[in-house]
Amino acid sequence: MKKGLVLEGGAMRGLFTSGILDVMMEAGIEPDGLIGVSAGAAFGCNYKSRQSGRAIRYNKRYARDKRYCSWLSWLKTGDLYNAEFGYHIIPKIYDVFDDKAFEQNPMEFYAVCTDVETGLPVYKKLEESTHLTYDWIRASASMPLASKVVELEGMKVLDGGVADSIPLKFFESIGYGRNVVILTQPEGYVKEHNRLMPLMRIALKKYPKMIEALDQRHIMYNRQLEYVRQAEQEGRCIVIRPDDKLPIGHISHDPEEMQRVYELGRDTGLRNIDRLKEFYQ
């Protein structure tokens, strides 16, 4: 039975996930596959390349750098998180991503995107560490309104969380029978209807299926939470989540705030590490 790791998104809440992942890496835990959505993919790729500490390091270093995340970038390029600087210059020059380790690690890695023309999820398996791979990860984390539509391999895609926020059911469908699910919202969280739907309808008016998916996302997400709870009760997965609402927004330019959220993740990982080892045996 294959062992999987399922990572939801949450923008900068993903630094909580990074803290847990770093503890797991340091403990030598090696799942057979990882599937990440949005920030779950952007930070989770470091698990396959075995680069503990990388996500928190570059986010803190470039927290106030206008080339990384800024309204200036959004006005100039259409992307709040600058695509070229964040997904190609940093991993190639300033905080080098270990392409060789990524490719040699047998762990399967999937990034989830949403096809804006159909409103359906795209599950992209990424085996080689190439320019195109970086763009698929970027697309998974490209939030509507904050990012322009990404065109890759004949598809137009955006944030995977719109179509499949917690892809446990998909991972189970391809043979992952024992999964650890890392969430970035506390127990009891209920997603509400998106307050920005009027703007979404204008920005994405060419893509009615995407608008429909965005309009129904809260329903989809809350159903997925119920599915995860049922899977946990049946012993098919372990769920790790923050104890309380994380003290960070979708965007942060504060390195200390980032570090606090990351440390909450590390503390949570350390509290659960024996449980994780036993579950994955």
* Structure fact -> Those residues of the range 242-278 that are of a type in the set (Asp, Glu), assigned to a loop (DSSP other than H, G, I, E, B) and either free of Cβ contacts under 8 Å to residues at least 12 places away in the same chain or under 23 Å from Arg57 (Cα atoms) (or both) come to a total of 1
* To do: Look at Ala63 and say whether it is in a helix (DSSP H, G or I), closer than 23 Å to Thr184 by Cβ, open to solvent by less than 40 Å² (accessible area, probe 1.4 Å) and not β-branched (Val, Ile, Thr).
  => no
* Selection within the range 82-121 - surrounded by 22 or more Cβ atoms within 10 Å (Cβ to Cβ), closer than 20 Å to Asp159 by Cα and in contact (Cβ under 8 Å) with a residue 24 or more places away in the chain -> Gly86, Tyr87, Phe109, Tyr110, Ala111, Val112, Cys113, Thr114, Val116
* Asked: Is there a residue in the range 233-250 that is closer than 30 Å to Asn82 by Cα, open to solvent by 40 Å² or more (accessible area, probe 1.4 Å) and hydrophobic (A, V, I, L, M, F, W, C)?
  -> no
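Tell me which residues, restricted to the range 160-174, are assigned to a loop (DSSP other than H, G, I, E, B) and open to solvent by 40 Å² or more (accessible area, probe 1.4 Å).
Across the range 160-174, the qualifying residue is only Ile174.
Rundown of residues vs (1) touching a residue at least 60 places away in the same chain (Cβ under 8 Å); (2) at positive phi, yes/no style:
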position	(1), (2)
Val180	yes, no
Leu183	yes, no
Gly188	no, yes
Leu196	no, no
Arg201	no, no
Leu204	yes, no
Tyr207	yes, no
Glu212	yes, no
Met220	no, no
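May I ask you to say which residue of Val157, Val150 is within 16 Å of Val37 (Cα to Cα) and surrounded by 23 or more Cβ atoms within 10 Å (Cβ to Cβ)?
After ruling out the rest, the residue left standing is Val157.
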* Asked: Across the range 6-41, what is the number of residues that are aliphatic (A, V, I, L, M), outside any helix (DSSP H, G or I) and surrounded by 21 or more Cβ atoms within 10 Å (Cβ to Cβ)?
  -> 5
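The values are calculated or read from the model by the stated rules, or taken from the named source; none is laboratory data. Bear in mind that the values here come from a model prediction, so they are computed numbers and not experimental data. Cβ coordinates were reconstructed from backbone atoms using ideal geometry, including for glycine residues, and neighbour counts include every protein chain displayed. Remember, those area values only see protein heavy atoms, side chains included, never the ligands or the DNA or RNA. Shrake-Rupley method; radii C 1.70, N 1.55, O 1.52, S 1.80 Å.
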